[in-house]
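Data block below; observations after.
The numbers here are math on the coordinates, done by the rules we state, and not lab data. Not measured: the values here are computed from a predicted model. Note that we place each Cβ from the backbone using ideal geometry, even for glycine, and neighbour counts take in every protein chain shown.
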Amino acid sequence: MNYFQQKLKQILKARQINQSKLAKIANIPQTTISKWLTKNATPSSKNIEILANALGISVGELIGDFGANVQLTDLDKRFLALPYKDKEFLLSLLDSCNEHYKENI
């Protein structure tokens, strides 16, 4: 079991939230949450941020604060400073560009 699975299970147990309720709060399919908790499936960074926001915690708290060993670039810092909706927009834009690129290879 990875750190993310352990931490998410711990938070859900402490708050008495089941997978179904988390799915409703985060607007993520319950089957997806189940895969994250029972298999070695890892959520995307976008879904980790959605989960953290739904649970009212930081991303670092959910996945482990390994920031002490990571040097953030100016671009990373600018992205992290953006409001959630702006991050969501940029990520969807990047996904669209990536799909377009894959289709035209």
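Scanning segment 1-16 for residues that are over 18 Å from residue 47 (Cβ atoms) and touching a helix residue (DSSP H, G or I) at 6+ places or on another chain (Cβ under 6 Å) returns no hits. Would segment 45-58 turn up any residue that is touching a helix residue (DSSP H, G or I) at 6+ places or on another chain (Cβ under 8 Å) and surrounded by fewer than 12 Cβ atoms within 10 Å (Cβ to Cβ)? The answer is no; no qualifying residue exists. Number of residues in segment 15-51 that are in contact with a Ser or Thr (Cβ under 9 Å, 6 or more places away or on another chain) and among the small types (Gly, Ala, Ser) equals 2.
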